[in-house]
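Just below is one structure, and these are the notes that go with it.
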Amino acid sequence: MTDARIITGNQAAALAARLCDVQVIAAYPITPQSQLAEMLSLYVESGQLRAEYVRVEGEHSAMTVCIGASTVGARVFTATSSNGLLYMHEQLHWAAGSRLPIVMCCVNRGVGAPWSIFNDQQDSLAQRDTGWIQMYCRDNQEILDTIIQAYRIAETVYAPVMVCYDGFVLSHTMMPVVSPTPAAVRKFLPPYKPHTILDSNNPMTINSVLLPNRRPDAEGVLCDGYMEMRYKLQNALNRSPETIREVNRQYAEAFGRDHGGMLWTHRTEDAEVILTSMGSLAAEATVAADALREEGIKAGVVGIRVFRPFPEKKEVVAAYRNAKAIILFEKSVSYGYEGGLCSDLKAAFYGSGINAAIHDHVAGLGGRDVKARELVEAVKSSLARIAEGERELNTTWLNCHTE
Amino acid sequence: MPQNLFKIHEKEYVLPGTRACQGCGLSIAYRFALKALREDTIVTLPACCLCVLHGLYPLTPVLVPSVNNTFASTAASASGIAAGLAALNRTDTTVVAFAGDGGTFDMGLQALSGAAERGTDFIYVAYDNEGYMNTGTQRSSATPMGALTTTTPVLTKQQHKKDFLKIMEAHQIAYIATTTPAYPIDLYDKFVRAKRIKGTRFIHIHTPCPPGWQYPTKDTVRIGRLAVDTGLCVLFEVENGKFRFTGRSRTLAEKGNKLPVVHYVERQGRFKKMSIEQLSQLQNWVDDRWEEYKKKAAESK
Ligand SMILES: Cc1ncc(C[n+]2csc(CCOP(=O)(O)OP(=O)(O)O)c2C)c(N)n1
Ligand code: SF4
Ligand SMILES: [Mg+2]
């Protein structure tokens, strides 16, 4: 019998962590993540989950505890939002540099100043270059499924994975979620094997100071310098799409749900205009595309599921091949330029023959509501401008008083 | 307690070829600390001179499994290692955090306070060379009044050293000790004791540093002993809230023959611009603490 529940995104995430038999949890409360930290405490204190729960005094320590525990071979979990994620920044680099398969939820929230507790994706986008894999979820079912997949991915490529989902829009919204059985998850997710064992019989110093160039060890064998280690991390992330797609495929086979590997498409086969976004806004875009089709506009959606590593050029180009216009909706901005997703897409199109007009929108910052109807209007107004020959469109701030 | 140096565990865990300076007090302290801790120990350390002592990848002179961490995170790193080991039932391993005064008194304070408040099962060692030595002898909150550093290059440090041991006492942890590499048996003994106790243990090591303090490398032990003789470094232990002087400090407390601080100050270049006023303030600061400690020792009897 299927175990279907009506739960919030935070509850789905807590359930997933429990199903993955996490052994050490360290978390510090912040809206909208708090409920997740609380649920996990309840699981641990009531004996539903056998794990060490370290109630740290801040997020820098939360990530540090995960790093320490993962280093000695425990499967770890943490979650945060917004300023909590920013406070971890130093440790995010350290976790990735240490090649530790930490899985963390980022419950997306705008960052201060000024304070906002509401949703956008500026927090995780600002961590783009930390060496973490970043996956974005559309709904609560996808949160649960993605966390389980994230451990498989992380423990295969030895890189940390950030599972991002929108604060309040998903974290506090009830949706039906099907839970796999613990036995099925255990079968899908073998126990974590650390890449290095800290042992008195084989003493070593991990992450000691490195010189720019390679150096020989005691036997004269040349060992990595700093740059070689950086290259290996880059290489691991560059090669991870294969793993991400394969894990998604096996998950679909085992549990019957396919969330797309690196990206997913909605009615793109013959689409002339493609809407693109990440997370819950991408789900909203599918509603908008359907509505546009009813008005005779051939619209489709490409949802970016994995933002880092960025989907490979081949896959991106194939997804957008027939589009004449590409309209982006992003919940973040790279100040002084445009939305980060827009820049990356344009770079992927370079030299590919895709010459569609691209119109970027910054939308929904600090929780400003974005309805499917507003996406429809935005797309129509973009198309009208493009039809008039305007191809160099500046980023539009949707639903924002810009006078 | 070993009666003399020959009774100390003979295995070396710090081999020759460390990258520390000649005459480094930390090197002596680390050598004897690891002899006391022995196998089944994991050390976590931040950016500091100890990180330099551990050598450059892929070589290390240290025979204890160790992990580097970031400057502010040493105690949290130990918390994570301890939690991970507990989750894996590896409870026979001693987790030791080893950080400098900067990584303890300043940046690492939050993580240490958190770990101590949670009663994390680990030994935290603050080796105190009274400045940010690794980055070139800048002032820290552990630098004594009147010392020249590269960030107090003209006027000298204007404030007293932070009384960090009081902060640790306020956490009511299982064990607190102060020691110095100038008395290696005292140091060794305290690590042996700390290893046997459960819960959070804190050891402060007063660590002479020739380049930072500006004295000849041959004088490390002499300077360390003068610090004890003048009461700038007081050797004690606090276990279950009970305070007791140990070693040379106990003798000084019994005999009342503590030396004036000038004997310590005059041998170090870092104090060459110290004013007479600062010298007397430093003396008063030492005397006040000395009286406090004597009172605590009497109350703990
Ligand atoms: C976040 C951060 N800020 C600054 C530094 C630079 N830094 C490295 S070691 C150090 C000082 C270390 O002083 P202390 O802890 O007393 O150890 P010592 O070098 O004196 O042994 C500083 C400031 C750093 N590594 N990380
Ligand atoms: S600067 Fe001082 S503490 Fe650091 S290695 Fe040199 S002598 Fe030792
Ligand atoms: Mg120092």
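Only Lys, Arg, Asp and Glu carry charge here, each on its Cβ (+1 for the first two, -1 for the last two); on that basis region B:109-195 has a dipole of about 140 debye about its Cα centre.
Only protein heavy atoms count here; under a 1.4 Å probe, B:His9 has an accessible surface of about 40 Å². Look at the stretch B:39-46: the mean tally of other chain Cβ atoms within 10 Å of its residues' Cβ atoms is 3.
Taking all protein chains together and a 1.4 Å probe, the residues A:Arg239, A:Arg128, B:Arg289 rank A:Arg239, A:Arg128, B:Arg289 from largest to smallest accessible area. A helix-only calculation puts chain A at -12500 deg cm²/dmol for mean residue ellipticity at 222 nm, using -39500 (n - 2.57) for each DSSP H run of at least four residues, averaged over all residues. When Rg and Dmax are taken over the Cα atoms of chain A, they come to 21.5, 73 Å.
Any of A:Lys193/A:Lys314; B:Lys218/B:Lys273; B:Lys190/B:Lys301; B:Lys11/B:Lys190; A:Lys298/A:Lys371 with alpha carbons more than 25 Å apart? Name them for me.
In this structure, A:Lys193/A:Lys314 exceed 25 Å between Cα atoms.
For A:Glu242, the solvent-accessible surface computed with a 1.4 Å probe is close to 130 Å², ligands and nucleic acids excluded.
Cα-based radius of gyration for region A:3-188, normalised by 2.2 N^0.38 Å, reads 0.92. What Kirkwood hydrodynamic radius do you get for region B:34-107 when you take the inverse of the mean 1/r over all pairs of distinct Cα atoms, in Å? Answer for region B:34-107: a Kirkwood hydrodynamic radius of 12.8 Å. Neighbouring Cβ atoms from other chains, within 10 Å of the Cβ of residues in B:109-119, number 3 on average. Considering all C-alpha pairs of region B:25-299, those separated by over 27 Å amount to 35%. Result for chain A in a Gaussian network model with C-alpha springs under 10 Å: among A:Ala236, A:Ala254, A:Ala74, the largest mean-square fluctuation is at A:Ala254. Report the far tail of the P(r) of region A:263-397, meaning the percent of Cα-Cα pairs longer than 26 Å. Pairs farther apart than 26 Å: 12 percent. For B:Lys161, list the aspartates and glutamates whose Cα falls under 15 Å from its own Cα; do not include residues on the same chain fewer than 8 positions away. Straight-distance partners of B:Lys161: B:Asp101, B:Asp106, B:Asp128, B:Glu130, B:Asp287, B:Asp288.
With Cα atoms defining each centre, region A:130-194 and region B:137-208 are spaced 44 Å apart in the structure. Filter B:Lys166/B:Lys242; A:Lys331/A:Lys380; B:Lys198/B:Lys295 down to the pairs with a C-alpha to C-alpha distance above 23 Å, please. Result: B:Lys198/B:Lys295 exceed 23 Å. Helix A:372-387 and the long axis of chain A differ in direction by around 60°, with both axes built from C-alpha atoms. Of the residues A:Asp145, B:Asp40, ranked by 1.4 Å probe accessible area with the largest first, the sequence reads B:Asp40, A:Asp145.
Along the charge dipole of region A:3-188, which of A:Met174, A:Gly131, A:Val22 sits closest to the positive end, that is, farthest toward it, with unit charges on the beta carbon of Lys, Arg, Asp and Glu (+1, +1, -1, -1)? So the residue we want is A:Val22. Suppose every K and R has +1 on its Cβ and every D and E has -1 on its Cβ; what is the size of the dipole of region B:24-174 about the Cα centre, in Debye to the nearest 20? Once rounded to the nearest 20, the dipole reads 240 debye. Packing-based ranking of A:172-182, A:104-114 yields A:104-114, A:172-182, ordered from highest to lowest mean Cβ neighbour count within 10 Å.
Please state the charge dipole magnitude for the protein assembly as shown, taken about the Cα centre, from unit charges on C-beta atoms (+1 on K and R, -1 on D and E), reported in debye and rounded to the nearest 20.
Once rounded to the nearest 20, the dipole reads 2380 debye.
Note on chain A: GNM, Cα springs under 10 Å; of A:Lys298, A:Lys187, A:Lys313, the largest mean-square fluctuation is that of A:Lys187. The three principal axes of the Cα atoms in the protein assembly as shown give end-to-end lengths of 99, 57, 54 Å, sorted in falling order. Remark: mean inter-chain Cβ contacts per residue of A:71-83 equal 3, using a 10 Å Cβ-Cβ cutoff to other protein chain atoms. Would you mind telling me which residue in A:Gln122, A:Gln23, A:Gln250 has the biggest mean-square fluctuation in a Gaussian network model of chain A, where springs connect alpha carbons within a distance under 10 angstrom? Result for chain A, Cα springs under 10 Å: A:Gln250 fluctuates most. Once all protein chains are placed together, B:Arg139 keeps about 80 Å² accessible to a 1.4 angstrom probe.
The candidates B:Lys255, A:Lys346, arranged from most to least accessible area with a 1.4 Å probe in the full protein assembly, appear as B:Lys255, A:Lys346.
The values are calculated or read from the model by the stated rules, or taken from the named source; none is laboratory data. Because the structure is predicted, anything quoted here is derived from the model rather than measured. Note that each Cβ is placed from the backbone with ideal geometry, even for glycine, and that neighbours are counted across all protein chains shown. These accessible areas exclude ligands, DNA and RNA; they are computed on the full protein's heavy atoms, side chains included. Shrake-Rupley method; radii C 1.70, N 1.55, O 1.52, S 1.80 Å.
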